[in-house]
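First up is the structure itself, then whatever we jot down about it.
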Amino acid sequence: MTWLLEAFSLRFADRIVVRGTIHARQLSAKGVKADVIQDGVESELFRPMNVDDLRQRHGLNGLITIGLVGSLTWNPRLGMCYGSELIEVVNILRDLPVKGVIIGDGTGLAILKQRALEYGIEDRILFLGRVPYHDLSRHLNLIDICLSTQTNDAVGQARTTGKLPLYLACGRYVLASRVGEAAIVLSDEMLVDYENTKDPLYPERLARKIRSALRKPFLSQETIRSIAERHFDYSVLAKKLSAVLQSG
């Protein structure tokens, strides 16, 4: 049914809109023209802010926080979900004053907690659960290094993911897998190679990248936020949509 729906859409739609530049290129190779409108962000709501009170409340003072937000839906076939790589990398970086921060809920939450317990790092992972949208920006500002991990397959390559624009708008330093839109808009220092759908070596590469990032100053929050403002702000995407509608 999915294949039929896609074939019908590509054949009869007046215009095709996709979420990522790579997807548009893939369709172009098949003779299908597509417009790119990435996932976006409300940059007025998501912005850098002082959250010293939150850091103190959660015992994060003096620590380097590494984290992410996402739906923690466990994939039993692959044995992973959002946050799996964070548990692994915090375990690898035991010698550093780091603490993981996971924002989100889902079927994988209990499994991630159990894995942290088995590694003996349960006190080094802060599980915040589901955070209301209006308060999400403050909680993202708790995280010094945000992880944006996409699988290097058709799914990961085709999209932007809504998380990347949020991190960037908040001025957070990002380490992303070299896949999809992240590979286009981020500099090399913020990208980590990822192979196939499940890459068991990715946590090791990510840990090395984190060590390297901590040896020098991060990009400024203004520089990072400017990426979101140029590519993902809804005012920018609205103009793209307007152009698509007017030319249709």
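Computed from the coordinates by the stated procedures, all read-outs in this text should not be read as laboratory data. What you see is a predicted model, and the numbers here were worked out from it, not measured in a lab. When we count neighbours, we look across all protein chains shown, and the Cβ atoms used for this are built from the backbone with ideal geometry, even at glycine.
Summary table below
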read-out: Distance between modelled label sites at R130 and E195, nm, 7 Å Cα→Cβ extension; value: 3.9
read-out: Sparse-neighbour loop sites [trypsin sites (Lys or Arg not before Pro); segment 42-123; at most 12 other C-beta within 10 Å; DSSP]; value: R77, R94
read-out: Size-normalised alpha-carbon gyration radius of segment 1-131, reference 2.2 N^0.38 Å; value: 1.44
read-out: Whole-angstrom gap from segment 177-214 to segment 2-59, using each part's C-alpha centre; value: 20
read-out: Structure-derived mean projected area of the Cα convex hull in nm² - corresponding label in [x] 14.3; [y] 15.3; [z] 13.0; value: [x]
read-out: Inter-probe distance in nm under a simple model that places probes 7 Å from Cα toward Cβ, at S242 and I64; value: 4.4
read-out: Contact order relative to length of the chain, as percent, for alpha carbon pairs under 8 angstrom and 6 or more apart; value: 24
read-out: Pairwise label distance in nanometres, S187 with L214, each label 7 Å out on the Cα-Cβ vector; value: 2.1
read-out: Straight-distance crosslink candidates among aspartates and glutamates, where the alpha carbon sits under 15 Å from K239 and sequence neighbours closer than 8 are dropped; value: D35, D39, E42, E229
read-out: A176 long-range amide H proximity, modeled H, under 5 Å; value: S148, L191, V192
read-out: Among L191, L166, L136, residue whose mean-square fluctuation peaks in a GNM of the chain (springs only between Cα atoms under 10 Å); value: L136
read-out: Between 0 and 90°, nearest 10: helix 234-247 axis offset from the chain longest Cα axis; value: 10
read-out: Tensor-based shape of segment 157-248 (alpha-carbon gyration tensor, a/c under 1.5 rounded, otherwise prolate or oblate); value: oblate
read-out: Hz values of 3J(HN,Hα) by residue in segment 18-25 - Karplus curve (6.51, -1.76, 1.60), Gly and Pro given as x; value: 10, 8, x, 5, 4, 4, 4, 5
read-out: Computed [θ] at 222 nm, helices only, for the chain once each DSSP H run of length n ≥ 4 contributes -39500 (n - 2.57); value: -12500 deg cm²/dmol
read-out: Share of alpha-carbon pairs per 10 Å distance bin for segment 46-110, given as whole %; value: 19, 42, 32, 7, 0
read-out: Principal-axis tilt of helix 221-231 within the chain, Cα atoms, nearest 10 degrees; value: 20
read-out: Candidate lysines - alpha carbon under 29 Å from K99, same-chain residues fewer than 8 apart omitted; value: K113, K163, K198, K209, K216
read-out: Rounded to 5, the percent of DSSP beta bridges in the chain classed as antiparallel; value: 5
read-out: Angle in degrees between helix 109-119 and the longest Cα principal axis of the chain, rounded to the nearest 10; value: 40
